[in-house]
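Asks: Let me begin by handing over the structure; questions about it come next.
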Amino acid sequence: MILSSFMIRRLSHSGSYTDCTIEKIIIEGFRSFGIELNREEAIYMLTVCSKVELFLRGYFREKAIKTLIDNGIEVDIFGDGWEDFFPCSENGVQVFSSVSYREMADLMTEYQYVLNVMPWSKAGFHDRIATAMLNGCICISDSSTYIEREKLDREKMLVYQLGKEESMIDTIKEYMSDSKKAEKISVAATEYAI
């Protein structure tokens, strides 16, 4: 838990989460306690601390969802345990039980937007983004070096910055209120994913 707290503090003070890998944070976390890890030890600690990475993703996912809800954007959540955070389908939130990967892909055809929080492998592209694109959804996601290099923001998806979730609201509302802009991204995203 101490390492998790350090990681959240470190990320909260970082200007960019994209280049702030979990490996770097682990090294810095141990260094703050006077322990120097080499790269191999950090990689080993990464496997030991995989729950820390899940904790971080959960922390930022909850923060993103709460930001959407607090700004009047309705959210449907699929997954076990979310009813503990958002009980009684209140404030424009509906919580559904967990579904299989295949069922989720099928469900995406019924939605226009999908929220993604990237795992801490910040050099890639999560399959959830591609699945959303292939199903005609606009994916709203934090960034990665790949997403930045491909210049996907506002062309094939909407990108927000972790820790600055409020900044995504105006952009999301802009696309939700302009069906032509939303359709343009949706079509471009599908073509890109194919």
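The values are calculated or read from the model by the stated rules, or taken from the named source; none is laboratory data. Predicted model, so just to flag it, every value in this text is computed and none were measured. Reconstructed Cβ throughout: ideal geometry from the backbone, glycine too, with neighbour counts over all protein chains shown. Ligands, DNA and RNA are excluded from the accessible area calculation, which covers all protein heavy atoms including side chains. Shrake-Rupley method; radii C 1.70, N 1.55, O 1.52, S 1.80 Å.
Asks: Of the chain, which part is the longest with no GluC sites (Glu not before Pro) in a loop (DSSP not H, G, I, E, B) and with at most 14 other C-beta atoms within 10 angstrom?
Replies: The reported range is 111-149.
Asks: How would Trp82, Trp120 line up by accessible area, probe 1.4 Å, largest first?
Replies: Descending order: Trp82, Trp120.
Asks: For region 22-136, what is the charge dipole size about the Cα centre, in debye to the nearest 20, if Lys and Arg each add +1 at the Cβ and Asp and Glu each add -1 at the Cβ?
Replies: Roughly 420 debye, rounded to the nearest 20.
Asks: Okay, moving on. Kindly give the semi-axes, whole Å and largest first, of the ellipsoid equivalent to region 30-146, taking each as the square root of 5 times a Cα gyration tensor eigenvalue.
Replies: Ellipsoid semi-axes (Å, largest first): 30, 18, 13.
Asks: If I fit a long axis through the Cα atoms of helix 167-177 and take the longest principal axis of the Cα atoms of the chain, what angle between them do I get, 0 to 90°, rounded to 10?
Replies: Long axis of 167-177 versus the principal axis of the chain: about 20 degrees.
Asks: Modelling each spin label as a point 7 Å along the Cα-to-Cβ direction, I'd like the Ser167/Ser179 distance in nm, to one decimal.
Replies: Each label point is offset 7 Å from its Cα along the Cβ direction, giving 3.2 nm.
Asks: Follow-up. If you consider only alpha-carbon coordinates, what radius of gyration and Dmax does region 51-91 have, in Å?
Replies: 10.7, 32
Asks: Still on this structure, please answer the following. Using a probe of 1.4 angstrom, how much of the accessible area of the chain is carbon and sulfur, in percent?
Replies: On the chain, the fraction of accessible area on carbon and sulfur atoms equals 53 percent.
Asks: Taking just the C-alpha trace of region 82-141, give me its Rg and Dmax in Å.
Replies: Gyration radius and largest Cα-Cα distance of region 82-141: 12.9, 38 Å.
Asks: What are the residues whose amide H is under 5 Å from the amide H of Tyr113, where those residues sit 5 or more places off or on another chain and H is modelled from the backbone?
Replies: Ile138
Asks: Something else about it: Can you tell me the 0 to 90 degree angle between the C-alpha axis of helix 179-193 and the longest principal axis of the chain, rounded to 10?
Replies: 60 degrees
Asks: Taking region 137-194, which trypsin sites (Lys or Arg not before Pro) meet the DSSP loop condition and have no more than 13 other C-beta atoms within 10 Å?
Replies: For trypsin sites (Lys or Arg not before Pro) across region 137-194 that sit outside H, G, I, E and B with at most 13 neighbouring Cβ atoms in 10 Å, the list reads Lys151, Lys164.
Asks: Follow-up. Taking the chain as the reference, fit the longest principal axis to its C-alpha atoms, fit the long axis of helix 39-48 to the helix C-alpha atoms, and give the angle between the two in degrees, 0 to 90, nearest 10.
Replies: 60 degrees
Asks: On a straight-distance basis, which lysines could pair with Lys151 in a cross-link, Cα separation under 16 angstrom, same-chain partners fewer than 8 positions away excluded?
Replies: Hits, sequence-local ones excluded: Lys122, Lys184.
Asks: When a/c reaches 1.5 or more, the comparison of a/b and b/c decides; with that in mind, is region 120-181 rounded, prolate or oblate per its Cα gyration tensor?
Replies: Here region 120-181 falls in the oblate category.
Asks: For region 91-194, rounded, prolate or oblate, judged on the Cα gyration tensor with a ≥ b ≥ c (square roots of eigenvalues), a/c < 1.5 rounded, else prolate if a/b > b/c?
Replies: Verdict is rounded for region 91-194.
Asks: Roll a 1.4 Å probe over the protein chains and send me the accessible area per residue for region 55-194 in Å².
Replies: 53 Å²
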